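Worksheet: the structure to be examined is printed underneath.
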Amino acid sequence: MSDSTISKDAIVVERIIDAPVELVWRLWTQPEHFKNWYGPQGFRVFVAEMDVRVGGRHLFCMETDTPDGTMKMWLVGEYTEIVPNKRLVYTDSPSDENGRLVPLPADGTAEAQPLITEVTVLLEDVGGRTRMTVTHAGVPSDAGGASEGWEQAFTKLASYVKTITTA
């Protein structure tokens, strides 16, 4: 990615997951698993199209209920680096349901973010458990909402993984 699309800002979130690396990798790369944990608390993923190969594309849609109805958030991106069970890198951008890029509304409550951000997922075996480190580049490091969103998603992931390993 060029400096014009990715800022120097990034958020980094790390979590130890009580599951082997191979299982955590599947949670990131298989739509039937991804839908069960991705997104902040209160969000549901109802679209997770994933062509997990370098140059492949993803299209996700998260939704949540609000007092005004259901809010949907579409995200599109491209997988740029894949090292199975170790490293997954993809771009991430707000989009419409057809995958066309759509800038986030400028509501004045947040600093402008680039249209294209980059997510890097690192997985490391730590005695049968997995250290998962996610770096979301292009999101200001002081963007508490984004960091909190990833933390909530990882809490959902940790709960979901228990349903798989005990089933």
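Taken together, the values in this text are just the output of simple stated rules run on the coordinates, not laboratory data. Computed from a predicted model, the values in this text were never measured in an experiment. In this analysis, Cβ positions are derived from the backbone assuming ideal geometry, glycine residues included, and neighbour counts consider all displayed protein chains.
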For segment 32-55, enumerate the residues that are touching a Ser or Thr at 6+ places or on another chain (Cβ under 6 Å) and closer than 16 Å to M73 by Cα. G42, F43
From L59, L27, which residue is surrounded by fewer than 19 Cβ atoms within 10 Å (Cβ to Cβ) and closer than 25 Å to T155 by Cα? L59
